[in-house]
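Below is one structure, written out as structure tokens; the observations come after it.
The values are calculated or read from the model by the stated rules, or taken from the named source; none is laboratory data. In this text, all values refer to a predicted model and were calculated from it rather than measured experimentally. All Cβ positions, glycine included, derive from the backbone under ideal geometry; neighbour counts span all protein chains shown. To get the accessible areas, we keep the full protein, side chains included, count just its heavy atoms, and leave off ligands, DNA and RNA. Shrake-Rupley method; radii C 1.70, N 1.55, O 1.52, S 1.80 Å.
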Amino acid sequence: MNYDVFNGDADGIIALLQLQLANPIESIKITGVKRDISLLKQVDAKAGDNVRVLDISMEKNTEALNQALAIGADVFYVDHHRTGEIPQSANLDAHIDLDANTCTSLIVSDLLNKEFHLWAITAAYGDNLFVKADSEADVLGLTLAQKMQLKALGTYINYNGYGSEVSDLHYPPAELFELLLPHTSPFDVINETNSVYHKLASAYNEDIELAHAAEVLFDSNIAKVVLLEDAAWSRRVSGVFGNDLANQSPDKAHAVISYNKQGGYTVSVRAPLANKQGADAVCTQFKTGGGRTAAAGINHLEKTELEDFISVLNNYYIN
Ligand SMILES: [Mn+2]
């Protein structure tokens, strides 16, 4: 049995897209909303199974990974999130790069000799690695207009992954993957009238407009915290809105807070673009926090912890 376990954001979807374009194989797809990263436990691996794991933190999947390896499954693991201790196993083929300026799709692209590098660049834009994506695009000689198109597509696919549950999303990530798969170049999706690119574009613009009118809870020259209302659009837009704010004020840390089903908040943190570190350190001070140095989040913050969170965020970047 083949399993593809991938994050439901642009980077996860496009990492798998490249692998499947290069060498199509039948597989059972396991994915979810972007925040749903404990995905590997959904695989009931047997000896001889092939499991590909893309763009989900090894640290959050250690138990299932060890189990799959122990049982004799072959695991191909590509990622750029915190790993914890990497298991030593002949069955594990791991390609991990924690560099804040790379992403899973760029690592996959290198493994494929950049065969679908336009897609990888799209994913890098989607993971908010604008500088890196621009420089990769320059190597290929793309025009400014082309770069803006890939940036938009990456942003829209990434945006589609945000929500508390798949029903918040415009497209379930597995379905979005299938819709993108016929296209060897992202420009095909962009140039096709009525494609997911155009559908996601109008949905995205509607949500972003609502977000820019949302309540600002805290704003200093160090950090800004915005609270979105309790609605599906808020859960969808929280992450990309954070990127939007970060790009507007590169010297500030940003947090976008939205309500979750457990009666608390979900928090999305972006380190200052000019100082891409600490987002994970801030978030892991809270029980359900995790992520990368540049971008991290807290799945459930109690309402009583909100003030505490704001001061942890502001104090972290004060120097
Ligand atoms: Mn990623």
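So here's what we get for this one:
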| quantity | calculated |
| --- | --- |
| Cross-chain or 6+ apart pairs with Cβ under 6 Å, the stretch 99-123 first and touching a residue at least 24 places away in the same chain (Cβ under 8 Å) and not assigned by TED's automatic domain parsing to the domain that holds residue 240, then more than 12 Å from the ligand (Cβ to nearest atom) and not in a helix (DSSP H, G or I) | 100/276; 100/293; 107/95; 118/185 |
| Scan of the stretch 182-194 for residues that are open to solvent by 50 Å² or more (accessible area, probe 1.4 Å) and under 14 Å from residue 16 (Cα atoms), ordered by number | 182, 184 |
| Residue within the stretch 41-58 that is hydroxyl-bearing (Ser, Thr, Tyr) and over 13 Å from the mean Cα position of the chain (by Cα) present | no |
| Test: residue in the stretch 83-92 that is among the aliphatic types (A, V, I, L, M) and under 30 Å from residue 131 (Cβ atoms) | yes |
| Scope the stretch 248-278; condition surrounded by fewer than 20 Cβ atoms within 10 Å (Cβ to Cβ) and more than 21 Å from residue 34 (Cα to Cα); matching residues | 248, 249, 250, 251, 274, 275 |
| From 111, 65, 40, 92, residue being in contact with a Leu (Cβ under 9 Å, 6 or more places away or on another chain), closer than 28 Å to residue 143 by Cβ and of a type outside the set (Ser, Thr, Tyr) | 111 |
| Residues of the stretch 139-163 satisfying the condition of being within 22 Å of residue 241 (Cβ to Cβ) and surrounded by fewer than 22 Cβ atoms within 10 Å (Cβ to Cβ) | 147, 148, 149, 151, 152 |
| Qualifying position, being free of Cβ contacts under 8 Å to residues at least 40 places away in the same chain, part of a helix (DSSP H, G or I) and either open to solvent by 30 Å² or more (accessible area, probe 1.4 Å) or assigned by TED's automatic domain parsing to the domain that holds residue 304 (or both), among 234, 238 | 234 |
| Any hit, the stretch 125-138, residues being open to solvent by less than 60 Å² (accessible area, probe 1.4 Å), free of Cβ contacts under 8 Å to residues at least 40 places away in the same chain, acidic (Asp, Glu) and not in a loop (DSSP other than H, G, I, E, B) | yes |
| Per-region count, the stretch 284-310, residues within 24 Å of residue 59 (Cα to Cα), more than 16 Å from the ligand (Cβ to nearest atom) and either open to solvent by less than 20 Å² (accessible area, probe 1.4 Å) or of a type in the set (A, V, I, L, M) (or both) | 5 |
| Residue 123 in contact with a strand residue (DSSP E or B) (Cβ under 6 Å, 6 or more places away or on another chain) and within 16 Å of the ligand (Cβ to nearest atom) | no |
| Pairs with Cβ under 6 Å, 6+ apart, first in the stretch 40-63 and under 15 Å from residue 16 (Cβ atoms) and in contact (Cβ under 8 Å) with a residue 12 or more places away in the chain, second open to solvent by 10 Å² or more (accessible area, probe 1.4 Å) and of a type in the set (Asp, Glu) | 50/74 |
| Only one of 92, 106 that is of a type in the set (A, V, I, L, M, F, W, C) and over 24 Å from residue 63 (Cα atoms) | 106 |
| Qualifying residue in the stretch 252-268 (condition: within 16 Å of the ligand (Cβ to nearest atom) and of a type in the set (A, V, I, L, M, F, W, C)) | no |
